[in-house]
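Data first, discussion second: the structure below is written as structure tokens.
What follows draws every value from the coordinates through simple rules; no lab data is involved. None of these values were measured; they are calculated from a predicted model. Glycine gets a Cβ as well: all are built from the backbone with ideal geometry, and neighbour counts include every protein chain shown.
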Amino acid sequence: MKEYFEIGQIVNTSGLKGILKIKPFTDDIKKFSNLKTIYIKTKSGLTEFKIEQVRYVKNMVMLKLAGIDTVEEAEKYRNLYIKILRDQEEELEEGSYYVVDILGCKVNTDANQELGKIVDVFQTGSNDVYVVKTKDGKEVLLPSIEECILDRDIENKIVKVHIMKGLLD
């Protein structure tokens with residue numbers, strides 16, 4: 001499992017005092033208020049920053065980080081990604097998974113055939129949809145419902161599925 005979670009992208013700056021405008025990658029953006037530190041992924045690796053202030057504007061998060069005090073300094077981080085340590089994230093209930101843990105899983109059918117790997121997850125509201133890239137480069141969409149997804153072995157990165165009629169047509 002991954003040690004870090006990507007929780008947002010720096011999309012802009014705000015004001016003259018180095019505030020970063022973040023597009024969050026989380027269902028509950030208010031969880032930024034519970035964080036004390038974040039990491040920014042740069043070309044040279046991960047850099048840890050202490051959070052000084054969190055504000056919310058519409059569906060965006062405004063972060064003031066220690067050591068970033070000017071718009072010029074903040075501008076250096078535009079388009080970079082924000083990460084947190086996995087243990088900073090709350091535990092999920094049984095049967096729930098983080099998208100990052102599903103990505104890259106090998107998909108096998110209940111007929112013991114390898115279908116491909118999960119390359120993306122769409123959240124539709126009623127259920128997630130797994131995008132599986134097959135060996136021949138095609139994409140198959142699998143709804144994350146009990147009739148289709150039989151087992152998720154996150155530790156071994158294997159998802160067992162039942163191909164419902166019409167999914168591969």
TODO: State whether one or more residues within region 41-63 are touching an Asp or Glu at 6+ places or on another chain (Cβ under 6 Å) and closer than 22 Å to Leu16 by Cβ.
DONE: no
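Conditions (1) under 22 Å from Gly67 (Cβ atoms); (2) touching a Phe, Trp or Tyr at 6+ places or on another chain (Cβ under 6 Å), marked per residue:
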position: Glu6; (1), (2): yes, yes
position: Asn12; (1), (2): yes, no
position: Leu16; (1), (2): yes, no
position: Ile19; (1), (2): yes, no
position: Pro24; (1), (2): yes, no
position: Ile29; (1), (2): no, no
position: Ser33; (1), (2): yes, no
position: Lys41; (1), (2): yes, yes
position: Gly45; (1), (2): yes, no
Open item on the list: Looking at region 105-129 only, could you name the residues that are buried (at least 17 other Cβ atoms within 10 Å of the Cβ) and in contact (Cβ under 8 Å) with a residue 40 or more places away in the chain?
Closed with: Cys105, Val107, Asn108, Leu115, Ile118
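Yes/no per residue for (1) without any contact (Cβ under 8 Å) to a residue 40 or more places away in the chain; (2) within 21 Å of Asp120 (Cα to Cα):
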residue: Asn12; (1), (2): no, no
residue: Gly18; (1), (2): no, no
residue: Lys50; (1), (2): yes, no
residue: Leu65; (1), (2): no, no
residue: Lys83; (1), (2): no, yes
